[in-house]
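> My questions will all concern the structure given below.
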Amino acid sequence: MKQLHRRLGSALVTGAMVLGLMTMGAGAKESPLAPFTDVDPGAWYAQGVEYVLEQGLMSGVSETAFDPQGTLTRAMGAQLFWAMAGRIRVDLVTYGDTIWDTWYAPAVSWVSTSGLMNGYAEGRFGPDRPMSREQVALTLYRYAQMYRYDTRPKGDLTAFADGDAVSSWAQEAMIWAVGAGLFSGGDGNRLFPGDTVTRCEMAQILMKFQQLYED
């Protein structure tokens, strides 16, 4: 079964927060959601959060909080795509707002070098800026093409009330993302391409992306 291209190495351990599976009782396994008091196991996004935790793609913002409704920033996005690729080390790429000793510097360097994410004209990466739905679609599309995944699935943006609101630079990627089932319409059959992506939404999208490229 073909999985996403990644070599994640050992699981990240931060203090008492263990993201790997732990034994409980007679062979039972504790869910990676267990340490997080802000993730309802019955929530629509719980399976996605559990997946990204198990795979080491995302972690909590503290030992007890995942912050599912928190904003996915560009630094977070760079970090998770870097993790998906196996945390490949490259020469550090510095921006005016991204210096070598920040936690996201290696990830930003890789996504910049690989062309997955670009900086802004003023020589900044914008690590704290939120990622929009169309930005996520474009980055996923580039990642899929980088690893030669099938990006032929095509959707129809005209089927959505705001399909014409997708930026020109993201249209091809969003057509693919819609056709692949990674994005769907929300209230009023709208895509909301410019809306900010939350951490729980990104977890769910990553899980779908992985399932899309299983044999």
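> Return the residue satisfying two criteria in turn: it lies in the stretch 149-181 and is surrounded by fewer than 16 Cβ atoms within 10 Å (Cβ to Cβ), polar (S, T, N, Q) and in a helix (DSSP H, G or I), and of such residues it is nearest to the chain's Cα centre (by Cα).
Among those residues, the one meeting the criterion is 168.
> Can you find, within the stretch 191-209, the residue that is surrounded by the most Cβ atoms within 10 Å (Cβ to Cβ) among those that are more than 9 Å from the chain's Cα centre (by Cα) and among the β-branched types (Val, Ile, Thr)?
Filtering first and then ranking leaves 197.
This table checks each residue for (1) among the charged types (D, E, K, R); (2) in contact with a strand residue (DSSP E or B) (Cβ under 7 Å, 6 or more places away or on another chain); (3) in contact (Cβ under 8 Å) with a residue 24 or more places away in the chain; (4) farther than 26 Å from residue 49 by Cα.
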site: 116; (1), (2), (3), (4): no, no, yes, no
site: 128; (1), (2), (3), (4): yes, yes, yes, no
site: 136; (1), (2), (3), (4): no, no, yes, no
site: 159; (1), (2), (3), (4): no, no, yes, yes
site: 167; (1), (2), (3), (4): no, no, yes, yes
site: 171; (1), (2), (3), (4): no, no, no, yes
site: 184; (1), (2), (3), (4): no, no, no, no
site: 194; (1), (2), (3), (4): no, yes, yes, no
site: 200; (1), (2), (3), (4): no, no, yes, no
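> Same structure, new question: Among the residues of the stretch 138-166, count how many are in contact with a Leu (Cβ under 9 Å, 6 or more places away or on another chain), farther than 15 Å from residue 186 by Cα and among the small types (Gly, Ala, Ser).
1
> Out of all the residues in the stretch 93-114, which are among the acidic types (Asp, Glu) and without any contact (Cβ under 8 Å) to a residue 12 or more places away in the chain?
101
> I would also like to ask the following. Can you name the residue in the stretch 195-215 that is outside any helix (DSSP H, G or I) and under 29 Å from residue 36 (Cβ atoms) and is also modelled with the lowest pLDDT among such residues?
Looking at the filtered set, the residue picked out is 214.
The values are calculated or read from the model by the stated rules, or taken from the named source; none is laboratory data. All figures in this text were calculated on a predicted structure; none of them were measured in a lab. So basically every Cβ, Gly included, is an ideal-geometry build from the backbone, and we count neighbours across all protein chains shown.
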